[in-house]
Structures are given as structure tokens and as C-alpha cells.
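A quick write-up on the structure given underneath.
Nothing in this text is a laboratory measurement; each read-out follows from the coordinates by a stated rule. The structure presented is a predicted model; accordingly, all values stated were derived computationally and were not measured. In this analysis, Cβ positions are derived from the backbone assuming ideal geometry, glycine residues included, and neighbour counts consider all displayed protein chains.
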Amino acid sequence: MSVTETVVVNGVSGPEEQVENADDLNAKKTVKYDSGAADLEKVTDYAEEKEVISTDDISGAMTIIGDRRLKEAADKIAKERELQKVSIKKSDVELIIREMEISKTLAERTLRECHGDVVKALVVLTN
């Protein structure tokens, strides 16, 4: 029903009826818009709660990543120490350098990883 329509109630129509209908219509619109605002507020509150939770999740994830990096670094240091304990011959290192045309550090590392086995080191370097 629009505001400009004239309503006939009990055979009588008049401007009072139009004003009452306009007030009812405005009240319905207000209630409709207020409920929409309330729904929007609920969504906003939910999103804010999610942001707080996700901040906690991010902190936990960063801690896990930091712990994992520390563990990897410790494992790498332990591996380097184990490789340093492997004894290699200088002549074997020079042979690998000469044959494979690689740096001394790469030749030493490969030879240590192969536990001083020259043939195995040469096979690893060719693959």
C-alpha cells in the first residue's frame, strides 16, 4: 500500500487514515532497517572474534616454525661435525679436483659424505 492511496475503512475515508498508514509504513521500514543493522553488527562481532583467534593461531604457528628452524640448524651442525670426523687423504681430494674439475671444498665435502671412498665420490659427482 502506498502513502498516496486513500484507504476506505467502514465506508469512511479520510486524511487521518492516510497519516496512520504512513506512520505504520515508516515504523515497518524502521524495524526492517534496524534488524538489518543488528544483523550487520552480529557479523562484524563474529569477524572481530575471528581476527583475535587468528592472531593467537599466528603466534602459535610462528613458534612452531621457529622451533623447527632451530632443530634444522642443530641437525645441520651435527651433520657437519660428523663429516669433519671422517678422515680423507689429500691425494684423494687432489685426484677428484683434477678429474672432475671442481673446487677443493666441494671435492672434500663429497669425499667426506662418501666416507673417504674415492670411487663412490666420483660416481656421486658424475650423477
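Placing +1 on each Lys and Arg Cβ and -1 on each Asp and Glu Cβ, with no other charges, gives region 87-127 a dipole about its Cα centre of roughly 120 debye.
Counting neighbouring beta carbons within 10 Å and listing from fewest to most, the residues D92, D117, D75 come out as D75, D117, D92. Over region 87-127, Cα pairs under 8 Å with separation of 6+ residues give a relative contact order of 40 percent. Full extension of the chain between D57 and K76 gives 4.0 nm of extra length, using 0.36 nm per residue less the Cα-Cα distance.
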